[in-house]
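Since the structure comes first, as structure tokens, the remarks are kept for the end.
Where a number appears in this text, it was derived from the coordinates with a stated rule and is not lab data. Given the structure is predicted, the values throughout are model-derived calculations rather than measurements. As a convention, Cβ positions derive from the backbone with ideal geometry for all residues, glycine included, and neighbour counts pool all protein chains shown.
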Amino acid sequence: MDVRPLRIAGAFEITPRQFPDDRGVFLESFRGDRLAEHTGHRLDVVQTNVSVSSRGTLRGIHFADVPVGQAKYVTAVTGALVDYVVDLRVGSPTFGEWDSVVLDSVDRRALYLAEGLGHAFCALEDGTTAHYLCSSAYNPTGEHGINPLDPDVGLTLPDGVEPLLSPKDAAAPTLAAAVESGLLPTWEACTAWYGAQADRRPV
């Protein structure tokens, strides 16, 4: 399993080693010990989520208050998607920037993103099934969104895809509005939380 840091601190692309034969394929889709070598603590999986999306579905940009926040480990069980991580931590050296990874059922990569980072994805095929391991349970009062089509964020969507958003995501504020309202987590709060997790759940 290869773990590659993205250019947004706290985000990693994970590429598993696959073992195909005439029956199919076997792989380790998650290794908490290997991931912890890079994050400094084990991912405590509290909830798992599954979403099934048609081509062009654009979900996000979602994030949660820190503390507690919600770290995510995302894979594509079927189909393919472009997975985006957006730095929403006010004061971060890469605040407002993003990176992306293609997740599919061929290379079977995963994306890990730490608490305080924004998450979005765009489905490339009908029936794309995304599976999430989450570090905290859903908290409707502590979870928020940024409009994924905000030009100031500037997500590059796949060619030929017409984005399909939920009404909630379409009505989400812009990044600038979220900054002005104090909605976003701070770099200081996030780094303190990361340190607390490393102390509580050592490698």
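So here's what we get for this one:
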read-out: ARG17/ASN49 FRET efficiency (R0 30 Å; Cβ-Cβ; nearest 0.05); value: 0.70
read-out: Within the chain: Cβ-based charge dipole about Cα centre, in debye rounded to nearest 20 (Lys, Arg +1; Asp, Glu -1); value: 480 debye
read-out: Cα shape, the range 1-118, gyration tensor, a/c 1.5 rule; value: prolate
read-out: Net charge contributed by nearby residues that have their C-beta within less than 12 Å of GLU125 (K/R +1, D/E -1); value: -1
read-out: Summed residue charge, Cβ within 14 Å of ARG59's Cβ, Lys/Arg positive, Asp/Glu negative; value: 0
read-out: The chain: projected area of the alpha-carbon convex hull, averaged over directions, in nm²; value: 11.3 nm²
read-out: FRET efficiency for VAL3 and LEU164, using Cβ-Cβ distance with R0 set to 35 Å, rounded to 0.05; value: 0.65
read-out: Net charge of Cβ neighbours under 14 Å - reference THR174; Lys, Arg +1; Asp, Glu -1; value: -4
